Amino acid sequence: MENKIRRKIVLVSNDSDFFKQIYEKAQLRNSDELFQYDFDALPAILDYLDNSVLIINSENNEAQTLDLLKIIVKSPAFVFGDDENAEFKINVFNSGAFGFITKNTSDEEFNSQLKSALKFASSLEQNQIYRNILVENNLISKNNEVFLDFVKVLDSEIESIKKSKISSVLLAISPDDNSKFLIQSNQIETIILNSVRANDVLMNYAPSKYFLLLKNVNLEQAGNIWNKICSILPEGIYAGFAEILNKSRQHVVNEALNKLHLAVNQQAGIQNKNILASGQNFKFFRKEIKHKIEQIVTPVFYHIQQIYNEKLFGMIIEQRTGEGYGVLDIKSNYASASFRLTSPGFSTINIDISYTGTCKQKEVHETKRITLEPDELEEGLLQDLLEQFILEFKNSYQHNTENKNDNT
């Protein structure tokens, strides 16, 4: 792969003799590209320097060298300087330099370091190519390393976690209703990404709402990481935690979302008092369910229908509610799905989800049930569950519908 990616070496110096000196030392291939610029020319070509190897002559330009290192974050850079200036050398490495060379550095040592830097630059370019493919296919966001298709990502990650048997935790993260209009999504993403490790995974599942997969941690360690993030985030951002263990993706997601909305509610001063658990107040339960259907289920179902009816090509969303139930259906010529909320007893609410159609070239009828306590059913949770339901249908069944249409 290295041979297929061009290798760029950029020399930066206000001394023209420096270019000849480095050119004579470097063992270059015929395909290598060598460029030379003085410091004043750099502002106009900063983007061009990405994934290049820079060799910077700091003689009489120490301040400019340090300023350049701070903004060249996508290129390994060597600094040519005075070995006796220990303080400057420390500042060079603190500013992110790849290496430090002097007039006494042997040709062998110089080329060994240059070879390592070129390999590193090639890896950066390969990563950038891969990242561009992910952005073009709408799998990660353009500005941050945020995955957009959380279903595929979680399925893959959970399978890997099960095989490796490492303890991992999923966080569901969301601002409350007061904060979601006061903070930009990009700000939340940047703060989280700057606070977690390279192998942790941030995924978007709804506007300004995220799943964060923390690998090789237990609940206590995940809590410590979240506390670190919270110290930087504005107030009004909450998280629910779920250990992955041997759970399915849907189980983990539901658990994390449930705990997220409990955290939001508790912070808002809503006490988790389940006066219905004993089963002694059926009349109150029916009254409460009627209120939930009228005030939460009906408006959320209608809102989701209006948002997504125009987004699902060739498909129709229908919804209806009544005493003690609510149903939202997705229908097409080749696939259908149903999200049915009912209250059959007097202490729980059931959400039954079913998919019927062709998935992965097989006729599939899939069903699953989510059970909630009455006080857990609130607007944010219901909207999140509906958006997951639609996204899973779109990813698993709409693609197959489109393929079927192409073949007819």
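FYI, it's all coordinate maths here, none of it is from the lab. These numbers were taken from a predicted model, which means no experiment stands behind them. A quick note on method: Cβ atoms are made from the backbone with ideal geometry, for glycine too, and the neighbour counts reach across all protein chains shown.
When N counts the residues of segment 150-267, how does its alpha-carbon radius of gyration compare numerically with 2.2 N^0.38 Å, as a ratio?
Values: Rg = 13.4 Å, N = 118, 2.2 N^0.38 = 13.5 Å.
Relative to the 2.2 N^0.38 Å estimate, segment 150-267 comes out at 0.99.
If each residue of separation counts as 0.36 nm, what is the full-extension length gain between Ser231 and Leu219 once their alpha-carbon separation is subtracted?
Net length gain for the segment: 2.5 nm.
In nm, to one decimal, how far is the Asn104 label point from the Asn194 one, both placed 7 Å along Cα→Cβ?
For the pair Asn104/Asn194, the computed spacing is 4.0 nm.
Simple spin-label model, 7 Å along Cα-to-Cβ: Lys163 to Lys368 in nm?
The modelled label-to-label distance comes out at 2.1 nm.
Just list whichever of Lys163/Lys209; Lys162/Lys259; Lys311/Lys394 have alpha carbons separated by over 18 Å in the model shown.
Checking Cα-Cα distances, Lys163/Lys209; Lys162/Lys259 exceed 18 Å.
Please give the length that would be gained between Arg320 and Glu33 if that part of the chain were fully extended, namely 0.36 nm times their separation in residues minus their C-alpha to C-alpha distance (nm, one decimal).
Net length gain for the segment: 96.8 nm.
Quick one: Debye curve from the alpha-carbon atoms of segment 294-335 only, equal weights, vacuum; give me log10 I(q)/I(0) at q = 0.15, 0.18 Å⁻¹ to two decimals.
-0.37, -0.51
Taking only C-alpha pairs under 8 Å that are 6+ residues apart, what is the relative contact order of segment 150-267 in percent?
37 percent
Mind giving me the nanometre distance, one decimal, between the label points for Ser156 and Ala63, set 7 Å out from Cα along Cα→Cβ?
Simple spin-label model gives 4.8 nm for this pair.
If you take the Cα Rg of segment 182-221 and divide it by 2.2 N^0.38 Å, with N the number of residues, what do you get? Please report the intermediate quantities before stating the final value.
Working: Rg = 11.0 Å, N = 40, 2.2 N^0.38 = 8.9 Å.
It is 1.23.
Going by average Cβ density within 10 Å per residue, which order do the peptides 198-207, 303-312, 325-334 take, highest to lowest? Could the numbers behind the result be given before it?
Values: 198-207: 16.4, 303-312: 14.2, 325-334: 18.3.
Highest mean packing first, the order is 325-334, 198-207, 303-312.
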